[in-house]
Amino acid sequence: MNLSSGFLAKKGSASPRLDAQILTAHALGIRRLDLYLAPDRPLSELERDTLRKFLVRRSAGEPVAYIVGFREFFGLSFRVTPAVLVPRPETEAIVDAALDLLDVMAGEGRTPLIAADVGTGSGAIACTIATRNADVRLVASDVSQPAMDVAVQNARTLEVADRIEFIRSDVLEDYPAGMSFDLIVSNPPYIAESEAGMVDASAIGFEPSHALFSGPEGTDMTYALIRQSLSRLQPWGALAVEIGTPAQASRVQERMRTAFESVTQIVDPSGAVRGLAGRCPRRGDSTEHSK
């Protein structure tokens, strides 16, 4: 273990010990906890070769999640492939905010509730909401069909596929006419194209670029989402989006204030701003839910 973590540290891993533990456990087909229960367990030649291959891949910058094929998010295990962005812990704050908004609306009698996860990727947001709130129906969409395939598989594994409708769409453009929502939530791409050189190499070289970059300022999809959501949200509806830098948050917040009656910051337990939520669209569509 020390040799593996030392090797990854020299190759620039930000979390060499954790990476080594996850890869070792995966190579041995055991839980990471089992590494502590049997620290002196000898490796077979096949296990040693498998681990060596994993370490080489990680040393080249490939995300651990792609190597092992899954990533934990909100206490759930999600299958991931290079077709989808690796779910980040930061996005859990967006899910918390979405669940809170749904609870508030339910308390106001806004039932049944319908939510959309735009740019679903692995389906982490939609599936997590579905597992935590059995009363909400969801629509999950992505412009990438390979990403949609991963999301569908995760929904089936987590046994929530019966409450999630999957639509291939660029933002909200291809949603059926008349389909409206109580909540739209998204972790859109928000890295500025000019910032490519500052992004972690494991993201640039392996994760899908369309899920990372969004125009000169990183706000193209976010602005499109704000604009398109106005005709898709109920009068009491809300839009919750993840954002990047503080400067970007300021620009997005200004744009959202022109579109929603109220805008609040979404903060994580450390107090860092992770997103923004706007409620009651100024030009919202008052049509009933589509059935």
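Being on the phi > 0 side of the Ramachandran plot and free of Cβ contacts under 8 Å to residues at least 60 places away in the same chain is the filter here, so list the residues in segment 76-121 that pass it.
Scanning segment 76-121 gives a single hit, GLY109.
Report yes if SER186 is within 20 Å of PHE73 (Cα to Cα) and buried (at least 21 other Cβ atoms within 10 Å of the Cβ), otherwise no.
yes
Select from segment 44-62 the residues that are among the aliphatic types (A, V, I, L, M) and surrounded by 14 or more Cβ atoms within 10 Å (Cβ to Cβ) and write down the one among them that is farthest from ALA203 (Cα to Cα).
That would be LEU51.
When you go through (1) on the phi < 0 side of the Ramachandran plot; (2) touching a residue at least 24 places away in the same chain (Cβ under 8 Å) one by one for VAL56, which number turns out not to apply?
(2)
Do you know which residues across segment 93-112 are touching a Lys or Arg at 6+ places or on another chain (Cβ under 7 Å) and of a type in the set (Gly, Ala, Ser)?
ALA93
Please specify each residue of segment 22-39 satisfying the condition of being outside any helix (DSSP H, G or I) and either surrounded by fewer than 13 Cβ atoms within 10 Å (Cβ to Cβ) or outside the structural domain of LEU55 (by TED's automatic domain parsing) (or both).
Passing the criteria: GLY29, ARG31, ALA38, PRO39.
GLY75 - would you say it is surrounded by fewer than 21 Cβ atoms within 10 Å (Cβ to Cβ), more than 22 Å from LYS11 (Cβ to Cβ) and in the same structural domain as VAL160 (by TED's automatic domain parsing)?
no
Check off (1) modelled with pLDDT under 95; (2) of a type outside the set (S, T, N, Q); (3) crowded, with 20+ Cβ neighbours inside 10 Å for VAL252 and give me the number that stays unchecked.
(1)
Sort out for me the helices (runs of 4 or more DSSP H) sitting completely within segment 61-171 that have 3 or more residues that are among the charged types (D, E, K, R).
Here the list reads 92-107.
Looking at segment 236-265 only, could you name the residues that are closer than 22 Å to SER194 by Cα, of a type in the set (A, V, I, L, M, F, W, C) and either in a helix (DSSP H, G or I) or in contact (Cβ under 8 Å) with a residue 60 or more places away in the chain (or both)?
Of everything in segment 236-265, those that are closer than 22 Å to SER194 by Cα, of a type in the set (A, V, I, L, M, F, W, C) and either in a helix (DSSP H, G or I) or in contact (Cβ under 8 Å) with a residue 60 or more places away in the chain (or both) turn out to be VAL241, ALA247, ALA249, VAL252.
Is it true that some residue in segment 178-201 is hydroxyl-bearing (Ser, Thr, Tyr) and modelled with pLDDT under 90?
Looking through segment 178-201, at least one residue is hydroxyl-bearing (Ser, Thr, Tyr) and modelled with pLDDT under 90.
Give SER180, SER214 a once-over and let me know the one that is surrounded by 17 or more Cβ atoms within 10 Å (Cβ to Cβ), in contact (Cβ under 8 Å) with a residue 40 or more places away in the chain and small (Gly, Ala, Ser).
Matching residue, one of SER180, SER214: SER180.
The values are calculated or read from the model by the stated rules, or taken from the named source; none is laboratory data. None of the values given here were measured: they were computed from a predicted structure. Reconstructed Cβ throughout: ideal geometry from the backbone, glycine too, with neighbour counts over all protein chains shown.
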